Structure formats: structure tokens, C-alpha cells
Amino acid sequence: MKVWSRVLVTAAVVAASWFGVPRGFAAGAPRIGAPAPEFTAADLQGHERRLSEFKGKFVVLEWHNQGCPFVKKHYNSGNMQRLQKDLTGQGVVWLTVISSALGKQGYVTPDEETKYLAEKQAAPTDVLLDPDGTLGHLYGAKTTPHMFVIDDHGVLVYDGAIDDKPTTDLADVDGARNYVRAAYEETKAGKPVSVATSAPYGCSVKYKE
Amino acid sequence: MTMRRHRAPIANPTRLGRPEWGVLGTGSLEPGCSAQSAHGCLAQRVARLSVAVLCLAALVARAGATPVVTPHVQVELVTDAAAIAAGHDVTIGVRFVLEDGWHVYWRNPGDSGTAPSIEWILPAGFTAGEVQWPTPTRIAVGPLMNFGYSGAVLLPATLHVPRDLASRLAVGIRAQVKWLVCNPDECIPGEAPLSLALPVGMAAGLPGTTQLFDEVRPRLPVTAPQAWRLSATAAGDTLTLVVLSVAEPLTPPPLFFPYSREAIEPAAPQSFALERNGFRLTLQRWRQWTTTPTSIDGVLTVGARSYAIAVPIAAPRIRVEPLALAFVGGMLLNFMPCVFPVLALKALALLGLASEGRRRARRHAVVYALGVVASFWGLAGALLAVRAGGAQLGWGFQLQSPIFVAGLAALFFWMALTLLGVSSIGTSIMGVGNKLTVGDGYRSAFFTGILATLVATPCTAPFMGTALGYALAQPPVVSLAVFTSLGLGLALPYVAVTFVPALGPRLPRPGPWMETLKQLLAFPLLATVVWLIWVASLQGGSAAVLAILTALLLLGFAAWVTGRWAGGWAQVAATVAVAGALLVGGSIAPKAIQPPGASETLTWEPYSAARLEEFLRQGRPVFVDFTAAWCVTCQVNERLALETAAVMAKMREIGVVPVRADWTRPNPDVTRALQQFGRDGVPLYVLYSGRQDDPPRILPQLLTSESVVTELEQLGTRRRT
């Protein structure tokens, strides 16, 4: 009976492939070297931003939750702001993404976020609000921070942690190897990225249940 | 006396800031008891003894050190010995006691978080061994998974005591501990200097803390048994771990915890399958992987114990038998009525070529073989894509959708009609095939290959089932090899005939036997249609059955029309009929479908996690039947084992609550429960004894009335004792 059922399910699957039913299932999270998935998300002014509008520029995606101690490490030390200013100064588009669901840690209204940005002197190109977690799930973002670097051809070149010191200690910022900066500089120089993926570290992204 | 800082090797060794020590400890010890003060004591030989006595009194009273209380977690340094002696190692440890709902992390924290770090600060001559991490539990945080500890955990390490303790009366052990404590909503980093004073020479045990160490010992991974045969393969996004010669019990299902964060996707279900004398664990690789790992290192739980394993990853091993079977199966495909006429014509034409054309014919044959293999690869690719989707959603998911069931019934019905010769669609495909394959260019040879595969599928799908089923359960490389074998098998006779023309006359002649075989094959397909309609009846009741049967009627009419007449009006009529069939069949999709009219003989409680919890809290034994109407094994088990008089009587006798977790339609509660047991499909049978300390018992997937009664009897005995 088991063999028979297996045969049937198999036949069902073969049939499914003829129907083309499952097309798209296999399209999971992005992979290094492949085009970064297109997205649409609202910024603080309620404008729809798309990845494709930044074609020809490097794009950095930073998953953010202002209540997370790992994020605080990089904002209270000024590390994140420094990187934002350095890279945006060279024409890089920096998009901070907030995927915290309503009622969860890190969820902010546009006003709260504007205040936070001013207070921290943060300098992202724009902030995308993603309380449904759509963008987060599309990119497979796991932690805050979780960083992605997309090159000027729209290809994903980095996916992972901000640096190699997975702690909440401010003191660990100095001397850490910043993977985002390295990925940008290496790609810009036409070199392969030496560390293209790393396990992101931080708090879990507070997704909608 | 000099203090030496000794950093224990831990999972997260990157520490930059050295902690600055203010007041020693956390108020747990009198100033005179610290090692530093003991140094001051050396000059005052008289005072020393009395200080030591005070120290001991303080120690015994506290049985260790006072915990540091921080938000959501208490942390303390403990030891299993009341005193130390020169040259004798003792065990020390850092203990976390957590508030409900909060956790700290294992050495690999999983998707998020970070492991605690311990920096030992020890007197000269003392060293600390590696921190031993008790086996963690999986802690789900939304769609992510953490590996860690809730409740309380002790992280032990061996303290190596030097041979020479001089004339010390006590030593101070200190540790700077950092941790991250989280609940699903927030994380709080913590840090504390911990200290512990140990008198020298007294050898009385500390009952309170010794017990803590005794409790943690069974949770520490041990070396895997010598008898085990471990192997691992990596293919695509899958890591497969096979453990054979396992004598240990396999309930609850084994789980793997990697040391590296970059090995597997922590949240992915770990699918467990029994092998002849062991098991296979299929793990989903880390999403961001770029290079193939050389080994799987981590902790494997089997039964109640856990084992540290390091298994080198071998290239996927391909067994020869399935490939040979696939090859022979592929050869047989040549003689299927859909394929044979086309190929026979082609082969005979080639045989007629003059000798100067022979070489050209051979090249044609090779191109034809390439065409066949390429199309099998295409099929394999589609299948692997489906499998990737299926693995995400759990097998059988397609059959949860009544519209899918209806579509499948229609497809199989149409295929059966084609085989019976009612419809002419099959022959018109062959017609197209003939047109494309006519000619002597390489292109036509290649297309002959593709068409041979294409026309073969309708009349062989049920037969290829075994090979496909095998390929589905294997890593992609093996699946691809199986499909390649099928393709080579299909291509071989034709190629052989061109290379060895003498074989030509030996081929079986096309004849009526082919038609008989073809028509016979229609009946397994029709049987499948019957079964699918029954599934639909459970999902959608009589309305769905009526819709599907009407759709089949219209399809039958369309098939008959196109088979009977070739004119344009016949095609119009057939198109109208097919459109009607789609409309009628599609009508069952959006409707809310009535639950099956159950006429059970046992009163099955519908499953919900809360309800199960409730029964277990009341101490009642529970039998959970994870089932689905489309799962044939489940239905058979229910009819032949669960709903027999013997089993029902036994359940009533022992007072077992029968609970049914129905997965016929998607139910997140049931999916979660299945995942907890490491399954991604039904059937699954779980027996809870109703006693807190008893782990749930998982019954085999194939049940008999006797086996269930035996299980129930054993449970009854356990409950009485």
C-alpha cells in the first residue's frame, strides 16, 4: 500500500510539473552572484521605493531595530553612521529596513524614526518600513543588523553580518573587520569579494507572527 | 601571589575589552576570604587560622557563591567540591537560572543571539579546561530558530589544580561572564564578575551543588559509540547524515545541532527516516553557503543521550542497482506502443541506407541519444524544482487542494482514454513528432530524441513511478544519474541498431500485442481516478464529486468527438466540452468545503495544541493520530488497526483519549506539531503516557491491531507501576 501511495504521489508530482503549478516555489532567498530580487516598499514619507530605481548604483540594505542591543552597539559607537556617511558620500544608496511588526520591539512610526535618525545623526539614503515582513522574508533577513550589498549591476555581492565580532560590546567595534565596507571596496576595485557571506549576528528580526 | 587570566576556549572567543575588577566578587565573600586578601594574610600567621575558619564557615553556609541577580536571569559560579587538594582536578561551572520565557544560548546560538562567554581569572598554576556545553533545545522565535537553554543551565569546566599549593589555606576562583538573555520580544546583554573561594584540604562534598553537576552530566554530549557507522553527503541545498548499526532507541527522533553557524538552516525541519539498522537525517544547508563543507561537526541527539560527532562529508555515493534498473526500464520504454512505431520507422529507414550513409547514420544516432538524455534532464530539473517546493510545504501538500485533486483526476482520465484509443490526442502528438523528425538533419535527429521522450511519458508514467519515487528521495546528483540512465536506456536500442545492423531483424515486430499492452495500462490510471474522486469526496463532499464526474463526462465526450471525427466542427465541439469541464471542475475551488461527515466508531477529539496540553495536565494518556484523507497509509492503518474492536476496547480500558490531527486541509497547528517530531508528512502516531517524566512514544508508520494493543498494554503497565 505504501509503495502504491508513493507511486501515486510521484505521479501527482510529475503531473504537477506538467501543469507548471509549483513554478516559483524554488525561488527562495537571494544568492550571491545572482540578481538581487526586486522589491517595493514604503519609506518614511509614504513614497514607494523600488530596487530598480537605483540601477547603476551600489545599494546597501541594513536590517534595523533600534531597541536591539546589537544595533545599539553600532549606533552608540557611531560605527554605523560612519559607514553610512562614507559610503553614501561615494554615491552608494543606503536603505535601512525595519521589519519589526506592529507591537513588536523596533516597530516605529515615520515620526519616531525621523526623530531617531536626527538624534543618532544617522545618514541612510532612505528608511523602508516593512511591518509585514515582506521585504525581510524576500531577502531572508534573520537578524538586526543583517547587511546586504548589491553592486551597480543589481547583483548581490554580500549577505551577512556587519563585521566579524558577534558581540554587544561597544569596545569590539574597533579592530573588527567590517564585511560591508570590504565587499563594497573589493567589488568597486573589480576584485572578487573575499568574504561574500557570513552568518549574520544580532537579535532576531521581530517578524509578524 | 600573582593572578593569571585564563581564557577558556569558547565558541565566541573574540573579546577585546578586558574587564576591570573593582570590588572582588559581588558581595558574596568577606574581604578576608578572597585570594588577594589571603596574600595579605600571609604575614599574619596568627590571624590566618581564624580567618580561614571564618572563610569555611561562610562557604559552608552559602554552599557556593551568592548568585548575581540581573533582569530575567541569575548567574553564579559553582563547584562540585567543598575543598581542593593539590594535584586533584575539580569541576567548576557557571550556572544560569532563567525567568520563564527567557533563554540563553548554546555555543552555536542558531539564527540569532550569541553564546555566553566566560573568561576565567585564576591564581598562578591553575588552568581551566574547555567549557562543556550541555545539549541545547530548539527554541522557535517566529520563523527563526535558536539553540539554547530555558529554565536553568550549568556550563561546567574542569579546574586543573597545581601539584603544589604551597601553604595556602584558600584560593579564589574568578570569572568574568558575559551573556545575552532573550525572550521572543527582546534581548538584554548582561555581564558580571563572579567569584568563589575554595578552602584547601577539606574533602567534604557540597550536596547542593554536587547534585547540580550530577544533573547536567547526562546532558553533556559523549563520544559516539564505536559500533556506529556514520557517513555524510552534501548535495545542493541538502546535507544528509546516515547513522547505521544503531542500537539506541530512536524516539524522540534524532536531532542535529551543528557547532558552526554556517552549516545548516537552524529553522528547517530535520527530516528523519529509518534505515535498515539505523537512520538518515536530512538537513537543509545554510542558505548562504558558497563552498562545500568538508565535515559535519556537532551534537547528535539519539534517544535520551547526545553524542559529539565529526563526520567527513563524502562525495554522494551512487548505488549501481537503481541505475541499472532505470537503464533497463529506459530500454523497455522503446517497446511501449507510443514510442515503438515512431522509432521502428526511423530505424528501418536507417537500415536501408547505403554503406556510405552508415557513418552519417551513426552520428545521427548519437545526436538522437543526446536529445533523449537532454529531455530527461529537463524532466529531472522540473521534478527537483517541485521537490524543493514540496520540501518547503510538506509532502502531499498538492493533494490538500481539491482543485488539484480534480485536475489530477481529469488528467489521468484523459490519459486512460488515450490509452484505450478513444481520444486521438496521443496520435496527433505522434503526428507532430513525425513531421518534426522527418528529414536527415542533425536537428531532426535531436528532435526525434526529445519526441521519443515526450511521447513515451503518457503511456509509461505509472511504470516509471518506482524509478521516479526513488529519484525523489535521493540527493539531486543521484536523481540526475537515475534520469540519465533512463534516457540512455531509451536511446540504446536505436543507437545499437545503427551501429550493429545485424540486430535489426531481431527486434520484435510491431503488432497487436502492443495495442493490448497499451489498453491494459489504462486501468491502473482509471483506478487512480477512482481513488482521487474518493479523496475529493472527503474534501468537498457530494458537491465536489458531482462536479468532478460532470467534468469527466464532458472530457469523455470531447475525447470521443475528436477520436471519431477530424473535422473543424468536431474540434470546436471538443473545445467547448473541455471548457465546460474546466468551468464545472473549477467551480469547486473557491467554495468553503464541508468537513467530512464522520461516522467514527471511536469518539476522536480534534487536535489542538491547547487541548492536548490540557489532557496531559490532567495526567490522561493520549493517542494522537496524525492523518489525512489523501494519505492512503493513514486510511489503511485506521481501518486495519486503529478502529478494530481490540484496539478500541483497550483504549477504553486504559482510558486513553483518542485525538485526531487531521491534515487533509492545511492546518498550521498540526504542521507545527509534525515539525516538533521532525516530520513533514503524515502518518504519525504518538502515544503520551500522561506522566510528566515519560517522553511521548512514536509508533511505526505501519500499524497492526496487535502492535497497537501491545503498545497500549505496555502503557497500562507503566501507569500502574
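The values are calculated or read from the model by the stated rules, or taken from the named source; none is laboratory data. Because the structure is a prediction, the values reported are computed rather than measured. No Cβ is skipped: glycine too gets one built from the backbone with ideal geometry, and neighbour counts run over all protein chains shown. Only protein heavy atoms, including side chains, enter the accessible area calculation; ligands, DNA and RNA are left aside. Shrake-Rupley method; radii C 1.70, N 1.55, O 1.52, S 1.80 Å.
Do we find a residue being within 14 Å of chain A (Cβ to nearest Cβ), buried (at least 19 other Cβ atoms within 10 Å of the Cβ) and closer than 22 Å to B:THR137 by Cα anywhere in the range B:244-258? Within the range B:244-258 (the criterion being within 14 Å of chain A (Cβ to nearest Cβ), buried (at least 19 other Cβ atoms within 10 Å of the Cβ) and closer than 22 Å to B:THR137 by Cα), the answer is yes, since at least one residue qualifies.
Selection over the range A:156-169 of residues that are open to solvent by less than 20 Å² (accessible area, probe 1.4 Å) and not in a strand (DSSP E or B) gives a count of 3.
Among the residues of the range B:343-398, those that are more than 14 Å from every other protein chain (Cβ to nearest Cβ), open to solvent by 60 Å² or more (accessible area, probe 1.4 Å) and at pLDDT below 65 comprise B:LEU345, B:LEU348, B:ALA349, B:LEU351, B:GLY352, B:LEU353, B:SER355, B:GLU356. What do you reckon, is A:ASP172 facing another protein chain (nearest Cβ under 8 Å), within 25 Å of A:LYS104 (Cβ to Cβ) and either basic (Lys, Arg) or open to solvent by less than 10 Å² (accessible area, probe 1.4 Å) (or both)? No, not satisfied. Output the residue which, of all residues in the range B:692-721 that are assigned to a loop (DSSP other than H, G, I, E, B), under 26 Å from B:LEU300 (Cα atoms) and more than 14 Å from chain A (Cβ to nearest Cβ), is most open to solvent (accessible area, probe 1.4 Å). Once the filter is applied, the top-ranked residue is B:GLN692. Looking across the range B:613-639, the residues that are farther than 25 Å from B:GLY540 by Cα and modelled with pLDDT under 90 come down to B:GLU613, B:GLU614, B:PHE615, B:LEU616, B:ARG617, B:GLN618, B:GLY619, B:ARG620. Among the residues of the range A:138-155, those identified as assigned to a strand (DSSP E or B), modelled with pLDDT of 95 or more and more than 10 Å from chain B (Cβ to nearest Cβ) are A:MET147, A:PHE148, A:VAL149, A:ILE150. Would you say A:PRO145 is under 30 Å from B:LYS178 (Cβ atoms), touching a residue at least 24 places away in the same chain (Cβ under 8 Å) and touching a helix residue (DSSP H, G or I) at 6+ places or on another chain (Cβ under 9 Å)? Criteria met by A:PRO145.
Of everything listed in (1) open to solvent by 80 Å² or more (accessible area, probe 1.4 Å); (2) modelled with pLDDT of 85 or more, the single unmet condition for B:LEU687 is (1).
For A:PRO124, the conditions (1) open to solvent by less than 10 Å² (accessible area, probe 1.4 Å); (2) more than 12 Å from every other protein chain (Cβ to nearest Cβ) are fulfilled apart from (1). If a residue must be more than 7 Å from chain B (Cβ to nearest Cβ), not charged (D, E, K, R) and not in a loop (DSSP other than H, G, I, E, B), how many such residues does the range A:175-209 contain? Qualifying residue count, the range A:175-209: 7.
Condition check ((1) within 18 Å of B:SER260 (Cα to Cα); (2) open to solvent by 40 Å² or more (accessible area, probe 1.4 Å)) across all residues:
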{"position": "B:LEU281", "(1), (2)": "yes, no"}
{"position": "B:ARG285", "(1), (2)": "yes, no"}
{"position": "B:PRO293", "(1), (2)": "yes, yes"}
{"position": "B:ILE296", "(1), (2)": "yes, no"}
{"position": "B:ALA310", "(1), (2)": "yes, yes"}
{"position": "B:ALA314", "(1), (2)": "no, yes"}
{"position": "B:PHE327", "(1), (2)": "no, yes"}
